[in-house]
Amino acid sequence: MNAAPKKIATRRAPRAVATPAPVARGPAARPKSLTAQAYERIEELIVTLELAPGTALSEAELSARLEIGRTPVREALQRLAREHLVAILPQRGVLVSEIDIKRQLRLLETRREVERLVVRCAARRCSEAERSRFEALAKEFEAAGRADDETRFMRADKEFNDLSLVASRNEFAAGAMGLMHGLSRRFWFLHYRQAADTPVMARLHGDIARAIAQRDEAQAAKALDALIDHNEAFTRATVSTDF
């Protein structure tokens, strides 16, 4: 039987770092909606384990914490439920989802095939502005790796994931990948200290970003396979970890 849900728990706050400049989308780019803002902030709290697995979430508490109304928070939680980062349970409310090794391996199995398509399409179809941003992100990954800064890496990774989906110009692949990124990032954040993994992950992501910037589809796919190979080995190495 599951233990009683935990109240909102916090972990150490992420280091304050310079966030990479936003992706250029032209002079008429619209500001993010309150729902999008709520989603991004709650997702980062979950992925960085400030909201730990099993934590019971309250719309009212999150609304007060984020200083965003309850309706955008509710809509953000519904999106997070579709991405399996939270579970909305009758009579129990909203819980941050637990972490499961076997489920994580199945996710990586799926992610390899879908993300290979995404990075190839992004290399083929990215605009000049997107290509420049991929090059800048490759440098940002290098800087995060040199500094061994997990929060800087995580934020660059989030932008890289979002930009890859936009640049792929394939809404079906983007829809599938959008359901997997958060779970992958959270699992890594839970275990990366065991393997001193930030510099390695930063390098592997930088290789993909640079291949896309160079419009090299074959190299982008090869770099993606190297990343997933590493992630699978990383995941299997955590089997003995007590969750």
- Item | Long-range amide H partners of residue 86 with built H, under 5 Å | 81, 97
- One can check that the equivalent ellipsoid of the range 101-236, built from the alpha-carbon gyration tensor with semi-axes equal to the square roots of five times its eigenvalues, has lengths in Å, largest first, of 21, 18, 12
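Bear in mind these aren't lab numbers, they're just calculated from the coordinates by the rules spelled out. All of these numbers come straight from a predicted model, not from anything done at the bench.
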